[in-house]
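All of the numbers you see were taken from the coordinates with simple rules; none came from a lab. As the structure is a computational prediction, the values presented were derived from the model and not from experiment. Glycine also receives a Cβ, built like all others from the backbone with ideal geometry; neighbour counts cover every protein chain displayed.
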Amino acid sequence: MVARADSAESFRIHDHLDPLEIDEITSIYVDGQLIATFRLSSENEHESVDVTVPRSESHVYALCGRITFREIDGSVVTHEVSSSGTIYDVDAREYDAVASNDFTVFYLRDITEGRPAGEIRINRARSCTAPVASR
């Protein structure tokens with residue numbers, strides 16, 4: 001993790017290519033600020049970013065972009081990544097950007113070892129204004 005001032009807190013976000021994914025591009029926003037854009041493919045299956053933010057009770061995140069994956073029957077499908085949520089007690093935590101429900105729900109999952117999972121609220125409403133441009 002990155003060194004920080006006492007008035008700040010830091011955490012890490014990871015993203016991994018799922019075995020069914022062909023590629024993914026996801027921009028990550030925290031408190032309305034673009035933090036990183038991950039571009040995953042068979043050549044780059046994992047990315048992570050250290051985030052330092054002002055100390056606060058909660059932080060709002062958004063995951064925006066697109067994900068392309070192969071269905072069990074071999075067909076290729078692309079879905080828009082557009083979700084947001086609120087994370088609490090973030091200092092020194094690790095999160096994984098994950099998808100569920102056949103790649104239709106996207107959220108951060110707390111993967112911090114040695115501590116009970118922090119509270120995360122997922123907003124199901126549309127949160128991204130425009131798709132992220134591809135490569």
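Quick notes
- Candidates S82, S58, S48: whichever shows maximal mean-square fluctuation once the chain is modelled as a Gaussian network with Cα springs under 10 Å: S58
- Overall Cα dimensions of the stretch 7-75 - principal axes, largest extent first, Å: 50, 18, 16
- Taking other C-beta atoms within 10 angstrom as a stand-in for reagent exposure, V90, V30 fall in the order V30, V90, fewest first.
- Between the alpha-carbon centres of the stretch 57-127 and the stretch 19-45 there is a gap of 11 Å.
- Between H79 and S41, the simple label model (points 7 Å from Cα in the Cβ direction) yields a spacing of 2.2 nm.
- Projected label distance in nm at D50 and D102, using a 7 Å step from Cα toward the beta-carbon: 4.1 nm
- Relative exposure of S84, S41, judged by other C-beta atoms within 10 Å (fewest first): S41, S84
- Length-normalised contact order for the chain - Cα pairs under 8 Å, 6+ apart - percent: 26 percent
- Long-range Cα-Cα pairs in the chain (distance over 24 Å), rounded percent: 27 percent
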